[in-house]
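The values are calculated or read from the model by the stated rules, or taken from the named source; none is laboratory data. In this text the structure is predicted, and so the values were computed from the model without any measurement. Cβ atoms come from the backbone with ideal geometry, glycine included; neighbour counts cover every protein chain shown. Note: areas computed on protein heavy atoms with side chains; ligands, DNA, RNA excluded. Shrake-Rupley method; radii C 1.70, N 1.55, O 1.52, S 1.80 Å.
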Amino acid sequence: MSTSNKVTFIVGIIGAIATVSAAFISSNYAEQKIMKNLQNSIGEVSGSNNTITLNDVNDFVKDYEQVKISNERYAEQLNETSNELKELKNQMGDTPVFKFKNLGLTIEGKNAAIDSNKAFVSIDGRDYIDKTFIEEIIGDKKTFTIKDENAYIGKVIQEQANLADNWVVDSSSVDTPDTITDSYGNELIDAYEFKYRDSKIIFNVNKDYSLLQCKLSINSDANIEGKASITIKADDKIVYTSPMMDKKSKPFIKKDIPINKCSLLTIECYSNDYDISCIVSDAIVYN
């Protein structure tokens, strides 16, 4: 083989490797390109009696294996991406099928006075009726309300509220200062100070809540010898009575007092001394 033929052959081999390294579009295409270039290069010396030695044949095989692995990886990623694009296209192309119909309402053989025009709709095979149908069925004695992704028939149940947000029906010797300090030096807000013996406050909680939580403590100005306790009533039924407390009693939080969806919630203070006052603070009602 002449020197020029050897150069042509080696350049052809290197060109094949460069071509393959750039061909990551699909594994089949890259492998076929390698084989074609290799066959073309070998074809240039076909039939020759000359013997040649390629010092870079190992590098060629190594490059070929790397390109094959890389192309398999890219082909796998391309397939995953294609599937994701197909799924996204399907999602974007999903258009609900609406089918409206007129629908009247008959209750116990009597036609209800209701707007039947397009009162019924089918969306992707699922049927829906106008909200007024439900209101007509349940009647005037109950209400139908949609709130916070929930439908209520009758009373709307509240999850949690500050007791202070509820209406005060009556109050006797109970102050609501902006801030007050308990006997342990804690400064409290949203607090009720029960100033004298038999002081009380009544809230209308409207049967919305099942439980009460509050913090109980003694005023920092209390007589050191005085003692007092708090009693809580749900519709005049006693549901909790605290231990007797004095100025040395550590403030504590009482949770889950069962007020049982009462209408009126009453908090009362009983003491043996006019110079001791209880504090109820951080009071919340909840379900």
Solvent exposure of segment 240-285 as accessible area per residue, Å², 1.4 Å probe: 47
Calculated on alpha-carbon atoms, Rg and Dmax of segment 194-287 in Å: 13.0, 40
Output ordering of 220-227, 260-267 (per-residue mean of other Cβ within 10 Å, highest first) is 260-267, 220-227
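Could you check how much of the accessible area of segment 128-228 is carbon and sulfur, as a whole percent, using a 1.4 Å probe? Walk me through the numbers before you get to the answer.
On the way: 2670 of 6080 Å².
Of all accessible area on segment 128-228, carbon and sulfur atoms account for 44 percent.
Go through 185-195, 238-248, 162-172 and give me the packing order, highest mean Cβ count within 10 Å leading.
On the way: 185-195: 17.6, 238-248: 15.6, 162-172: 13.8.
Peptide ranking by packing, descending: 185-195, 238-248, 162-172.
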For the pair Ala164/Arg197, report the inter-label distance in nm, with labels modelled 7 Å from Cα in the Cβ direction. 3.1
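Of Glu72, Glu108, which has the most accessible area and how do the rest follow, probe 1.4 Å? Show your work: numbers first, answer last.
Working: Glu72 95, Glu108 175 Å².
So, going from the largest accessible area down, we get Glu108, Glu72.
With the other protein chains left in place, how much accessible area per residue, in square angstrom, belongs to segment 156-213 at a 1.4 angstrom probe?
On the way: 3210 Å² over 58 residues.
About 55 Å² of surface per residue is accessible.
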If I model a spin label at Gln213 and Thr143 as a point 7 Å from the Cα along the Cα→Cβ vector, what separation in nanometres do I get? 2.8
